[in-house]
Amino acid sequence: MTEIRVMRTAAELRAAVVESLRQTARELPAGTVPTLGFVPTMGALHSGHSCLIDAARAEADVVVASIFVNPLQFDDDADHRVYPRQLQADVELLQAHGVDLVFAPEVQEMYPGYPEGPLVRVDAGELGRRWEGASRPGHFDGVVTVVNKLFNIVTPQAPARIQAWFGEKDAEQLAVIRRMVADLNHPVEIRSLPIIREHSGLAQSSRNQRLSEQERQEALALSAALFQLRDRAAQGQPLEVDGVVAQLDMADGVDLDYLVVVDPTTLLEIEPGEEQAAGSEVRLTEDEVLQDRALALIAARVGPVRLIDNVELGSDAGSQV
Ligand SMILES: Nc1ncnc2c1ncn2[C@@H]1O[C@H](COP(=O)(O)OP(=O)(O)OP(=O)(O)O)[C@@H](O)[C@H]1O
Ligand SMILES: CC(C)(CO)[C@@H](O)C(=O)[O-]
Ligand code: BAL
């Protein structure tokens, strides 16, 4: 196995990416453009991340992962301070999964003069102010600002096809990033993978490290609620979201922020159709079910941690977990 290389500066990473791509291009049949796979993370890696890395590795010639706890996307200082950091263990995991280059910059490298800078930021627009964006003001502006910078740093001055991998656990983030790439013309193909869950149903998340055993049990109410909605959608029943919200309001240790059914691209809430207005319960139209055009999103605080999760609602979504 070749030794993984950890870069601390954008200049080092840029040079290493170009060198790796040139070397790869020499080994490929003439005229073949190498593929660069990029997996951005905030570290404290788990099996959700390793699946993204494995998928990137399977499709790309050169794989880059970044580890950067981006202060701009935290609306809560305390959350930023206690975010798990474990660079050495993360690098070992990335090495074991065949990553070639790791970009792990300090805050001053990404934002010289921070906290005064950066002056110029990317605005995630309306999409960035729905649900998670409403509860964490500025969060998605911070995400798209850093992802924009990371794409600029990783995009090489050499011929390459670029893929960037994101998890569907952060479904709102995925929608916002897809939109940013389209709006700002990044030459990057956005790829995504389904949510990786523990056997219990709990979605893997770096912040799970901060849950006690009891809180882990309490957190299962989130995935259980989503699975109820998924099963109802699969059977063509009314979703009865209000009833599920009422159950969550009663659940021990869970402080629900939102549970909503939305369009995965616009993140707009899917309202009950006219014919169902009398009962005012969301029942997905046949089209929405057939095209998996609906996502149930949930966010809740459990103990000290804010957790998010989601599930696709559709005809074959019952097989997801
Ligand atoms: N359980 C999961 N399944 C699939 N992808 C995941 C999962 N958890 C994280 N990812 C993806 O990994 C990438 C990096 O995420 P990040 O480093 O913030 O980890 P995280 O577990 O989401 O952390 P957090 O505790 O902040 O939610 C993102 O694209 C995210 O969607
Ligand atoms: C995309 C990302 C790495 C940007 O900091 C982060 O939001 C994450 O890990 O999901
Ligand atoms: N993956 C989510 C990043 C955040 O909560 O800031």
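Peptides 131-138, 147-154 ordered by packing proxy, namely the average of other Cβ atoms within 10 Å per residue, highest first: 147-154, 131-138. Neighbours of Y111 by Cβ distance under 15 Å: Lys/Arg scored +1, Asp/Glu scored -1, total -1. Given the range 1-58, what whole percent of its Cα pairs are spread farther than 19 Å? Across the range 1-58, Cα pairs with separations above 19 Å total 43 percent. Averaged over residues, the count of other Cβ atoms within 10 Å places the peptides 180-190, 95-105 in the sequence 95-105, 180-190, highest first. Simple point charges give the picture: +1 on the Cβ of Lys and Arg, -1 on the Cβ of Asp and Glu, and for the chain a dipole about the Cα centre of about 1260 debye. Computing Rg and the Kirkwood Rh from the Cα coordinates of the range 107-211 gives a ratio, Rg/Rh, of 1.00. Rounded to the nearest 10 degrees, the inclination of helix 47-59 to the longest alpha-carbon principal axis of the chain is 50 degrees.
With all protein chains present and a 1.4 Å probe, how do M110, M250 order by accessible area, largest first?
So, going from the largest accessible area down, we get M250, M110.
When the chain is treated as a Gaussian network with alpha carbon springs shorter than 10 Å, the biggest mean-square fluctuation among V144, V17, V244 belongs to V244.
Across the range 195-206, computed HN-Hα scalar couplings (Karplus, 6.51 cos²θ - 1.76 cosθ + 1.60, θ = phi - 60°) run 5, 8, 10, 6, 4, 5, x, 4, 5, 4, 7, 4 Hz from first to last residue, x flagging Gly and Pro.
With a 1.4 Å probe and all protein chains left in place, how much accessible area per residue does the chain have, in Å²?
47
For the chain, a Gaussian network of Cα nodes joined below 10 Å ranks R207, R81, R161 by mean-square fluctuation, and the top entry is R81. Fraction of C-alpha pairs exceeding 31 angstrom in the chain: 34 percent, rounded to a whole number. Among the protein heavy atoms, those of D242 account for about 110 Å² of accessible surface (1.4 Å probe, every chain in place). Taking Cα atoms only, the orientation of helix 87-96 departs from the longest principal axis of the chain by about 80 degrees.
In this entry, the range 112-168 is assigned a mean projected area of 5.5 nm², taken as a quarter of its C-alpha convex hull surface.
Could you tell me what percent of the accessible area of the range 184-259 is made up of carbon and sulfur, with a 1.4 Å probe and every protein chain present? Please list the in-between numbers first.
Details: 1740 of 3760 Å².
Taking all protein chains in place, the range 184-259 shows 46 percent carbon and sulfur surface.
May I ask for the net charge around A300, where only other residues with Cβ less than 10 Å from the Cβ of A300 are counted and Lys, Arg are +1 while Asp, Glu are -1? In short, -2. Taking every alpha-carbon pair under 8 Å whose residues sit at least 6 apart, the chain reaches a relative contact order of 17 percent.
Let me have the 222 nm mean residue ellipticity of the chain computed from DSSP H runs of 4+ only, each contributing -39500 (n - 2.57), with the sum over all residues rounded to the nearest 500.
Using -39500 (n - 2.57) per qualifying helix, the result is -11500 deg cm²/dmol.
Charge tally for R57 (other residues, Cβ to Cβ under 13 Å; Lys, Arg +1; Asp, Glu -1): -3.
Between V63 and G37, D100, L101, the built amide H atoms are under 5 Å apart, and every one of these is 5 or more places off in sequence or on another chain.
Taking Cα atoms only, the orientation of helix 139-154 departs from the longest principal axis of the chain by about 30 degrees. For the options T265, T32, T155, a Gaussian network treatment of the chain with springs between C-alpha atoms closer than 10 Å singles out T32 as fluctuating the most.
The values are calculated or read from the model by the stated rules, or taken from the named source; none is laboratory data. All of these numbers come straight from a predicted model, not from anything done at the bench. Note: ideal-geometry Cβ built from the backbone for every residue, glycine included; neighbour counts use all protein chains shown. For accessibility, only protein heavy atoms count, side chains too; no ligands or nucleic acids. Shrake-Rupley method; radii C 1.70, N 1.55, O 1.52, S 1.80 Å.
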